[in-house]
Amino acid sequence: MNIIAVPYNRAHFYFRPDSSINRAWADFYMPDFVTQISAVPFAYVKICKAGKAVMKRFAGRYYDSPGYGIAVRADSLIDPAPASFCIANALDHSTYFSYDSKRPVNELFTKNDVAIPIMPFPSKEEIEQGIEHVTSIASIRQGDILLFELHEGVKLVCGDRIGLGDSIFSIK
């Protein structure tokens, strides 16, 4: 399974490893070599059909199961090297998925019980444009996840509690 992430500015995309998935919403333990992290809320869709070079008008056939989640990024690892952004997004157990897309987007993402405004769920047009862009360069497979960042990232410190609806985890 691939996790394909479209950043907040939606200019490019990158891949997060599937080892980054934290399936139990367990607390996130900051590695010793990381000094600054951010939480990035995202909306996602699951890819339900394999494809390459999918045209936008056919992209609606390739996804389902929308939802929200949170990714943790190691900001202190980002430097001028282009690869550093990908490295900063590859921390193990740093991707949290919530499989409930029925919740309203307001007050969905919280830091220490304070709501943080985020962009709305991407439109059908944005999702299909994302699929077209990704498949022009890489193949997608059934089970892949395409996520769209909804905020540039919220700085975190040890002890912070991050929430997505009823699901909460802490930074240790």
field: Surface share of carbon and sulfur [accessible, 1.4 angstrom probe, percent] for the chain
entry: 55 percent
- prompt: In whole angstrom, how long is each semi-axis of the equivalent ellipsoid of segment 40-172, when you take the square root of 5 times every eigenvalue of its Cα gyration tensor and sort them from largest down?
  reply: 27, 19, 12
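Please report the relative contact order for segment 12-148, taking Cα pairs under 8 Å with a sequence separation of at least 6, and give it as a percent rounded to a whole number.
Taking the mean separation of contacting Cα pairs over the length of segment 12-148, I get 36 percent.
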query: Among His133, Ala5, Pro117, which residue has its Cα positioned farthest towards the positive end of the charge dipole of the chain, with +1 placed on the Cβ of Lys and Arg, -1 on the Cβ of Asp and Glu, and the dipole taken about the Cα centre?
result: His133
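Give the calculated FRET efficiency between Met55 and Met119 to the nearest 0.05, with a Förster radius of 35 Å applied to their Cβ-Cβ distance.
Taking R0 as 35 Å, the efficiency between Met55 and Met119 is 0.85.
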statement: Whole-number value, in Å³ per residue, for the convex hull of the alpha carbons of segment 1-113 is 141 Å³
- prompt: Where only protein heavy atoms count, and the probe is 1.4 Å, what is the accessible area per residue for the chain in Å²?
  reply: 49 Å²
- prompt: Tell me, what is the percent relative contact order of segment 21-96, built from C-alpha pairs under 8 Å that lie six or more residues apart?
  reply: 39 percent
- request: For Asp92, Asp32, give the ranking by accessible area with the largest first, probe 1.4 Å.
  value: Asp32, Asp92
- prompt: Between their Cα atoms, which of Lys46/Lys155; Lys49/Lys155; Lys124/Lys155 are more than 32 Å away from each other?
  reply: Lys49/Lys155
statement: Charge tally for neighbours of Ser139 with beta carbon under 12 Å away, counting Lys, Arg as +1 and Asp, Glu as -1, is +2
query: Once you list every other residue whose beta carbon is under 13 Å from the beta carbon of Cys158, what net charge do they have if Lys and Arg are +1 and Asp and Glu are -1?
result: 0
query: If you keep only loop residues by DSSP, which trypsin sites (Lys or Arg not before Pro) in segment 1-67 have at most 16 other Cβ atoms within 10 Å of their Cβ?
result: Arg10, Arg23, Lys49, Lys52
- request: For segment 12-46 and segment 113-135, compute the distance between their C-alpha centroids and round to whole Å.
  value: 17 Å
- prompt: For the chain, what is the charge dipole size about the Cα centre, in debye to the nearest 20, if Lys and Arg each add +1 at the Cβ and Asp and Glu each add -1 at the Cβ?
  reply: 560 debye
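The values are calculated or read from the model by the stated rules, or taken from the named source; none is laboratory data. The shown structure was predicted, so the numbers you read here are calculated from the model rather than taken from an experiment. Ideal geometry is used to build each Cβ from the backbone, glycine not excepted, and the neighbour counts take in all protein chains shown. Each accessible area value is taken on the protein alone, full model and side chains, heavy atoms only, with ligands, DNA and RNA left out. Shrake-Rupley method; radii C 1.70, N 1.55, O 1.52, S 1.80 Å.
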